[in-house]
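Shown next, in structure tokens, is the structure this report addresses.
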């Protein structure tokens with residue numbers, strides 16, 4: 001049983017990032033924002049938190065690296081809002097997600113992540 005609300009309430013799938021990839025996320029069912037500002041991200045996060053909505057959020061690199069206190073809070077709390085990120089189109093080969101470091105710690109540093 002979900003302690004945070006009704007189990008029948010769907011999880012919102014949201015993409016906020018580069019306009020060049022927004023259409024692809026929209027086609028697979030995500031709510032999308034092309035080239036949003038940090039203010040727009042903060043407004044969305046505030047709404048999600050206030051309404052205790054479940055959400056899966058994918059951020060582009062600009063927003064993923066922004067200095068939003070609400071984004072830091074959501075990432076630290078975990079729970080009903082999950083946030084991940086995608087690489088920049090210009091540097092996809094050099095992308096390392098924050099989860100990579102955690103996995104390496106769990107696996108004793110033996111894990112090697114590749115872009116295969």
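Every number here is computed from the coordinates shown, using simple stated rules; none is lab data. These numbers come from a predicted model, not from an experiment. Please note: Cβ atoms are built from the backbone with ideal geometry, for glycine as well, and neighbour counts cover all protein chains shown.
Pull out the extension gain between residue 43 and residue 12, defined as 0.36 nm times the separation in residues minus the alpha carbon to alpha carbon distance; nm, one decimal.
9.6 nm
At 0.36 nm per residue, minus the direct Cα-Cα distance, what do residue 52 and residue 73 gain on full extension? Give it in nm, one decimal, please.
On the way: separation 21, 0.36 × 21 = 7.56 nm, distance 1.40 nm.
Result: 6.2 nm gained on full extension.
Once you have a ≥ b ≥ c as the square roots of the Cα gyration tensor eigenvalues for region 1-78, tell me rounded if a/c is under 1.5, and otherwise prolate or oblate according to whether a/b is larger than b/c.
oblate
Using a Förster distance of 22 angstrom, determine the FRET efficiency expected from the C-beta separation of residue 35 and residue 84, and round it to 0.05.
My answer for the efficiency is 0.75.
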